[in-house]
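Presented below is the structure to which this report refers.
The values are calculated or read from the model by the stated rules, or taken from the named source; none is laboratory data. Just so you know, these numbers come straight off a predicted model, no measurement behind them. As a convention, Cβ positions derive from the backbone with ideal geometry for all residues, glycine included, and neighbour counts pool all protein chains shown.
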């Protein structure tokens, strides 16, 4: 039976590219039968990656059948996976997030979770010498994933090893990292075609603090004004999105990649309190700027308090 390789819901660049990379490795190096799939529509930057490297968009699935062999990448959180994941045959997990718990497997599995900025970095390491066999499209996808997750090495999650792997991939491809990252971020910043609800869910994760459940949304952009010009309608849409998704509140952080800061929309007293308790700031309006805040994984989620 074909092994499905997938990342988390609301797939970003890493959760789109890494399944493609690992399916290639399982098929071409290990002689297996694997297929990369997605759990939702890829975001604009991930779509840019697919077009830039002439990659077909993986098919989108909503669920997995009982005993379906699968490999989970870029997450280990059941809330970000199909509802039936515990009935599937999970064979391995490759991730760079904290261990959440809640997954059940049919038997012992391989789990690789490393404190690196990007799943693709881990995959290149796991491939060892076989990584040199990657075709240019695979190297390009890996490079895109690393530059995305590190925000071109600006994110505090970046390690020297992520940078070294990215620089080697870029050298192999003859690509200037700064020029290529600028193309990526321009694609990521073009959100004009998306509704408010789509923007709020585009790059988001569910996270609970005590009895309060949040959808923590991050929009990374080189043109924050494009998003902030829509703040009134975005804040109005938060209520419906929260109700539909079964959470108490949507938190939207608009990350300014170039100025290395985030703007949090503050639609009500709950978010005002969260901002002040979590980030030691004073909120006086419907937005608050958080200097230096770039990473949901390292700076936002761990600090959330209510």
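Once region 76-95 is narrowed to residues that are in contact with a strand residue (DSSP E or B) (Cβ under 8 Å, 6 or more places away or on another chain), in contact (Cβ under 8 Å) with a residue 40 or more places away in the chain and in a loop (DSSP other than H, G, I, E, B), the residue that is surrounded by the fewest Cβ atoms within 10 Å (Cβ to Cβ) is 77.
Would you call residue 98 under 28 Å from residue 188 (Cα atoms), at pLDDT below 95 and surrounded by fewer than 18 Cβ atoms within 10 Å (Cβ to Cβ)? So residue 98 fits the description; yes.
Within region 17-31, take every residue that is out of contact with any strand residue (DSSP E or B) (no Cβ under 9 Å at 6 or more places or on another chain) and either free of Cβ contacts under 8 Å to residues at least 40 places away in the same chain or outside any helix (DSSP H, G or I) (or both) and give me the one that is surrounded by the most Cβ atoms within 10 Å (Cβ to Cβ). So the residue we want is 30.
I want to confirm something. Restricting to region 274-305 and keeping residues that are in contact (Cβ under 8 Å) with a residue 60 or more places away in the chain and touching a helix residue (DSSP H, G or I) at 6+ places or on another chain (Cβ under 6 Å), which single residue is surrounded by the most Cβ atoms within 10 Å (Cβ to Cβ)? For region 274-305, the residue satisfying everything is 304. Out of the residues in region 116-147 meeting the condition of being in contact with a strand residue (DSSP E or B) (Cβ under 8 Å, 6 or more places away or on another chain) and surrounded by 22 or more Cβ atoms within 10 Å (Cβ to Cβ), tell me which one is nearest to residue 297 (Cα to Cα). Of everything passing the filter in region 116-147, 119 is nearest to residue 297 (Cα to Cα).
Counting only helices (runs of 4 or more DSSP H) wholly contained in region 134-221, the ones carrying 3 or more residues that are over 28 Å from residue 250 (Cβ atoms) occupy 136-150, 160-173, 177-189. Kindly indicate the residue of region 1-16 that is closer than 14 Å to residue 73 by Cα and touching a strand residue (DSSP E or B) at 6+ places or on another chain (Cβ under 6 Å) and also modelled with the lowest pLDDT among those meeting that condition. That would be 10. For region 32-72, residues that are over 17 Å from residue 191 (Cα atoms), surrounded by 14 or more Cβ atoms within 10 Å (Cβ to Cβ) and touching a residue at least 60 places away in the same chain (Cβ under 8 Å) total 9.
Is region 105-115 home to any residue that is farther than 24 Å from residue 83 by Cβ, in the same structural domain as residue 19 (by TED's automatic domain parsing) and either in contact with a helix residue (DSSP H, G or I) (Cβ under 9 Å, 6 or more places away or on another chain) or buried (at least 22 other Cβ atoms within 10 Å of the Cβ) (or both)? Scanning region 105-115, I find at least one residue that is farther than 24 Å from residue 83 by Cβ, in the same structural domain as residue 19 (by TED's automatic domain parsing) and either in contact with a helix residue (DSSP H, G or I) (Cβ under 9 Å, 6 or more places away or on another chain) or buried (at least 22 other Cβ atoms within 10 Å of the Cβ) (or both), so the answer is yes.
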